[in-house]
1. Quick one: count up the residues across region 1-44 that are in a loop (DSSP other than H, G, I, E, B), within 23 Å of the chain's Cα centre (by Cα) and touching a residue at least 24 places away in the same chain (Cβ under 8 Å).
2. Testing D33 on (1) under 22 Å from S3 (Cα atoms); (2) not assigned by the TED database to the domain that holds E13, one condition comes back false. Which one is that?
3. Can you tell me which residue in region 7-41 is surrounded by the fewest Cβ atoms within 10 Å (Cβ to Cβ), limited to those that are farther than 12 Å from A60 by Cβ and among the small types (G, A, S)?
4. Scan region 109-122 and give yes if some residue there is loosely packed, with under 10 Cβ neighbours inside 10 Å and more than 21 Å from the chain's Cα centre (by Cα), otherwise no.
5. Taking the conditions exactly as written (among the small types (G, A, S) and either free of Cβ contacts under 8 Å to residues at least 24 places away in the same chain or not assigned by the TED database to the domain that holds A73 (or both)), does G49 satisfy them or not?
6. Any residue that is at pLDDT 95 or above, within 26 Å of L4 (Cβ to Cβ), surrounded by 10 or more Cβ atoms within 10 Å (Cβ to Cβ) and under 17 Å from the mean Cα position of the chain (by Cα) - is there at least one of those in region 48-59?
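The values are calculated or read from the model by the stated rules, or taken from the named source; none is laboratory data. No experiment lies behind these values; they were computed from the predicted model shown. Positions of Cβ are backbone-derived with ideal geometry, glycine not excepted, and every protein chain shown enters the neighbour counts.
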Amino acid sequence: MKSLPPYYFRVKENGALVFRVDAENRQRRLELDQIAAININNGQVKPHGDRALLPEDEAAIAAWMEARQSQLAQRDMDDILRAIDHLNLTAHWAQARATEEQLEAVTDQLLLAMHDLRTVLVRKRADRVARG
């Protein structure tokens, strides 16, 4: 049987709760002992209650945070690539299948969203070009 990891990270919207996994107790029950809370957005780690984190706790938390930030960055890029696909599918829908009523219902919202996106992208590109 595969052994359990020493830590469990319960993911939440802005980070995670960190638990130390204990399966070697007298009752032979699996216990999760919360040791910290992580805010992935600002990198803050708060020990739970009045406990002090051990160096191995801090190392495990730092490694998890690095892996999680990488995972979230990959998901962001995947979401953007999917958005590009959706824009292409939307263009095809508008050209080939949309009824006049459907187009009337979404045209203004789509045009405003695309204008906003185009403005941001042009400004960001201009900033990159200006920096060299």
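1. The number of residues fulfilling the criteria is 3.
2. Result: D33 fails condition (2) only.
3. A23
4. For region 109-122, residues loosely packed, with under 10 Cβ neighbours inside 10 Å and more than 21 Å from the chain's Cα centre (by Cα): present.
5. yes
6. no
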